[in-house]
1. If the chain between N173 and E88 were fully stretched, how many nm would it gain, using 0.36 nm times the residue separation less the Cα-Cα distance?
2. Modelled label-to-label distance, K108 and L274, 7 Å Cα→beta-carbon offset: nm?
3. Just to check I understand the Karplus step: with θ = phi - 60° and J = 6.51 cos²θ - 1.76 cosθ + 1.60, what whole-Hz values come out for segment 114-129, glycine and proline as x?
4. For S236 and H296 in one chain, what is 0.36 nm times their gap in residues minus the Cα-Cα distance, to one decimal in nm?
Amino acid sequence: MTQFCHDLRNLKEGLCTIDKSQQGDLSKEWKINKEIDKLVEQNNYYKGHIRKPLFDMIPLNHWVPDELHIMLRITDRLWSLVIAELTEYGLFNDTARKIIVEEMKRIKVKFQFWQIQESKTWSYTSLMGNDKIKVLQFFDLSKILSRQRANMIRNLWNKFYELYIKMKDQKTNAEEFQNDAKNWLTLFLTPSEGIPNTQGFKKGLYKPNDMTPYIHVLVHHVSEFMTIHQKWGLKSFSCSAVEKKNHQQVSYFFRKTMKDGGRKSKSSAIIEILEHENRSLFYNYHNVSLNSQKPHKIHIKAENN
């Protein structure tokens with residue numbers, strides 16, 4: 001049986017026939033109902049599909065969603081929604097940005113804002129997985145939002161983190177997970193109460209348009225894959241090792257290579273990285289010590305004649 005770990009960014013068409021207008025409808029049950037054979041016979045058999053599938057030999061129920069990327073992309077969405085809320089109310093200013101950077105420093109996350117000169121828009125540091133988990137768990141939202149609002153969003157974040165932990169646990173019951181995921185989505189879609197700008201108005205959280213394909217997969221399809229691949233568990237298909245390797249390669253590229261620059265006779269950055277890895281493998285395989293004694297400086301004092 002073929003298994004395939006896949007980042008859903010490259011599976012934009014999805015696993016089921018849901019329409020974007022239906023994604024906030026909690027009364028509907030969505031299951032994997034597309035068939036790869038039909039897409040092979042007719043590339044546009046399902047709405048949104050245009051080209052022939054790249055891996056047309058792999059059934060869609062074997063395109064296992066990666067728990068790491070589900071966490072990364074949904075955390076990105078939750079964070080961007082907070083920034084969007086600050087911007088909507090005119091609170092995304094120098095003071096707020098300074099507070100955010102200081103709070104990131106408190107939880108030991110390196111984070112900065114910078115302004116793109118051409119568009120005058122603000123960008124910020126793209127965090128790695130471990131740092132995103134720190135933000136998800138420990139960022140004090142009350143530093144930038146009202147206490148009531150901060151508590152509401154903090155509850156949403158905490159519930160998502162609990163889902164992430166359960167998603168990685170092979171012992172998690174698929175049916176219970178789906179119920180918990182649906183409850184989380186209900187919380188995510190908490191509607192506002194009352195009339196805006198009047199006493200007693202209570203602002204909700206987010207709207208169906210704020211959902212992403214990753215949120216849909218988390219709520220409706222992760223439990224399916226838990227059942228299908230219960231023998232191994234979703235963590236067995238995690239791309240975290242590949243992402244770690246990619247991070248190491250990128251770090252080495254920017255820190256220790258010529259970045260394809262310099263004289264034309266210089267090796268390309270890719271060759272430099274491969275040569276570095278070959279040396280590392282050689283030293284590890286042959287148990288060669290990489291430690292060497294530091295050179296001693298000798299000061300020679302010239303004698304006066």
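Coordinate-derived values only; no laboratory data. Note that the structure is predicted; figures quoted are calculated from it, not measured. Neighbour counts run over all protein chains shown; Cβ positions are idealised from the backbone, glycine included.
1. 26.6 nm
2. Result: 3.8 nm between the two label points.
3. Couplings: 8, 9, 7, 4, 5, 9, 6, 8, 9, 10, 8, 4, 8, 8, 7, x Hz.
4. Value of the extension gain: 16.6 nm.
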